[in-house]
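Everything below concerns the one structure shown next.
The values are calculated or read from the model by the stated rules, or taken from the named source; none is laboratory data. Model, not experiment: these values are computed from the prediction. Heads up, the Cβs are rebuilt from the backbone with ideal geometry, glycines too, and the neighbour counts pull from every protein chain shown.
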């Protein structure tokens, strides 16, 4: 696997119950994707990340991988790749289509919610 292109998909400072969607990330010759999530602050909130692929024929975004809910400041890596062993909520054994994106759905868990972080995306050959 190599990392030919890096994109910053999302930078967020969350309001309760918000959804952040990255731009469509082009994939010309990659087989997979690596998503690096770095939550720097997480108080009274949770976030679920979904890696999605785009189907041109139906004009539809579909799920490749969904993370478990993240509730603490920490780093997480999600990987979608056709020859890797799958692991629930972290790794999906699949190839990626010509367009991918990352969606973050944030929830307020009571109190004053605060959630900040970044998401970086690398297309893997």
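Of everything in region 1-14 that's part of a loop (DSSP other than H, G, I, E, B) and farther than 16 Å from residue 73 by Cα, which residue is modelled with the highest pLDDT? Don't jump to the end; show me each part of the working.
Within region 1-14, the first condition is being part of a loop (DSSP other than H, G, I, E, B), and the residues that meet it are 1-4, 14.
Retained after the next criterion (residues that are farther than 16 Å from residue 73 by Cα): 1-4.
On the way: 1: 38, 2: 40, 3: 40, 4: 43.
The qualifying residue modelled with the highest pLDDT is 4.
Could you pull out the residue among 121, 79 that is touching a strand residue (DSSP E or B) at 6+ places or on another chain (Cβ under 6 Å), in a strand (DSSP E or B) and farther than 18 Å from residue 20 by Cα? Full working, then the answer.
On the way: 121 fails: farther than 18 Å from residue 20 by Cα.
None of the others qualify; the one that does is 79.
Go over the candidates 100, 121 one by one and state the one that is at pLDDT 95 or above, under 10 Å from the mean Cα position of the chain (by Cα), more than 16 Å from residue 45 (Cα to Cα) and surrounded by 15 or more Cβ atoms within 10 Å (Cβ to Cβ).
Working: 121 fails: at pLDDT 95 or above.
Answer to the selection: 100.
Say we look at region 27-36 and pick out the residues that are over 15 Å from the mean Cα position of the chain (by Cα) and modelled with pLDDT under 95; which of these is surrounded by the most Cβ atoms within 10 Å (Cβ to Cβ)?
Restricting attention to region 27-36, the residues satisfying the condition of being over 15 Å from the mean Cα position of the chain (by Cα) are 27-31.
Among the residues that remain, those that are also modelled with pLDDT under 95 are: 27-30.
On the way: 27: 20, 28: 8, 29: 9, 30: 22.
It comes out as 30.
For region 103-118, enumerate the residues that are part of a loop (DSSP other than H, G, I, E, B) and crowded, with 18+ Cβ neighbours inside 10 Å.
The answer is 113, and nothing else.
Look at region 37-66 and say how many of its residues are surrounded by fewer than 17 Cβ atoms within 10 Å (Cβ to Cβ), part of a strand (DSSP E or B) and touching a residue at least 60 places away in the same chain (Cβ under 8 Å).
Selection size over region 37-66: 4.
How many residues does region 73-95 contain that are surrounded by 18 or more Cβ atoms within 10 Å (Cβ to Cβ) and more than 13 Å from the chain's Cα centre (by Cα)?
2
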